[in-house]
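Peer 1: Sharing a structure, written as structure tokens. Questions coming.
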Amino acid sequence: MSSPSRRDQLGQILRFALVGGVNTGTFFAIYLLLHPWMPYFAAYTLAFVLSMVGSFFMNTYFTYRTRPTWKKFLLFPLTNVTNYVIQSAGLYALVTWAGLDTRIAPLVAAVVAIPFTFLLSRKILIPGTGAAAAPASERAAAGSPSRG
């Protein structure tokens, strides 16, 4: 599989940012609805899971313009494990150590996880987009061993 052009990559990044904005808004609305009824971390986790389902479909159809499959759907949460860990650690640190309001802290933590989420979701939703899929010249320039 050939690497996407710079223009294609930029388009994906812009679409990912748009989907991320919609997804973050959805997540935050769910979180705020649940926050009064349960502990903040439980509300955060449930909102995260529910918004992840929407994120999967928005990213398959719009961001990466690929067809959703059960395999991708089942693998997609794995890409979000890293996102969840980064956001959870950030949320805990921001609330516990920095004293940030529990209604705002999830948004701040989410910003840090964006680059990781893009790369991992792209790798899952478009198989062959990892380092091994790059041309040998790009892998060599990046210091990756060639699989020629």
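The values are calculated or read from the model by the stated rules, or taken from the named source; none is laboratory data. None of the values given here were measured: they were computed from a predicted structure. Reconstructed Cβ throughout: ideal geometry from the backbone, glycine too, with neighbour counts over all protein chains shown. Quick note on the areas: whole protein, heavy atoms, side chains included, nothing else; ligands and nucleic acids left out. Shrake-Rupley method; radii C 1.70, N 1.55, O 1.52, S 1.80 Å.
Peer 1: Yes or no: R122 surrounded by 15 or more Cβ atoms within 10 Å (Cβ to Cβ), among the basic types (K, R) and at pLDDT below 80?
Peer 2: Working: surrounded by 15 or more Cβ atoms within 10 Å (Cβ to Cβ): yes; among the basic types (K, R): yes; at pLDDT below 80: no.
Against the criterion (surrounded by 15 or more Cβ atoms within 10 Å (Cβ to Cβ), among the basic types (K, R) and at pLDDT below 80), R122 does not qualify.
Peer 1: When you look at F16, is it within 12 Å of the chain's Cα centre (by Cα) and either crowded, with 17+ Cβ neighbours inside 10 Å or free of Cβ contacts under 8 Å to residues at least 40 places away in the same chain (or both), yes or no?
Peer 2: yes
Peer 1: What pairs come up if the first residue lies in the range 70-82 and is in a helix (DSSP H, G or I), the second is modelled with pLDDT of 80 or more and open to solvent by 80 Å² or more (accessible area, probe 1.4 Å), and their beta carbons are under 8 Å apart, counting only those six or more places apart or on different chains?
Peer 2: Listed pairs, sorted by first residue: T79/K123.
Peer 1: Tell me which residues, restricted to the range 81-112, are open to solvent by less than 30 Å² (accessible area, probe 1.4 Å) and closer than 16 Å to A47 by Cα.
Peer 2: N83, Q87, S88, L91, A105, P106, A109, A110
Peer 1: Taking L34, is it under 16 Å from the mean Cα position of the chain (by Cα), hydrophobic (A, V, I, L, M, F, W, C) and assigned to a helix (DSSP H, G or I)?
Peer 2: Answer is no for this residue.
Peer 1: Kindly provide the set of residues from the range 4-59 that are farther than 21 Å from R122 by Cβ and among the aromatic types (F, W, Y), ordered by number.
Peer 2: Across the range 4-59, the qualifying residues are F28, Y31, W37, Y40, F41, Y44.
Peer 1: Only one of these conditions is not met by P145: (1) modelled with pLDDT of 90 or more; (2) loosely packed, with under 14 Cβ neighbours inside 10 Å; (3) in contact with a Lys or Arg (Cβ under 8 Å, 6 or more places away or on another chain). Which number is it?
Peer 2: For P145, the exception is condition (1).
Listed here are the residues, each with its yes/no results for (1) out of contact with any Lys or Arg (no Cβ under 8 Å at 6 or more places or on another chain); (2) at pLDDT below 90; (3) within 17 Å of F118 (Cα to Cα).
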{"residue": "Q9", "(1), (2), (3)": "yes, yes, yes"}
{"residue": "R15", "(1), (2), (3)": "yes, no, yes"}
{"residue": "P36", "(1), (2), (3)": "yes, no, no"}
{"residue": "T82", "(1), (2), (3)": "yes, yes, yes"}
{"residue": "I86", "(1), (2), (3)": "yes, yes, yes"}
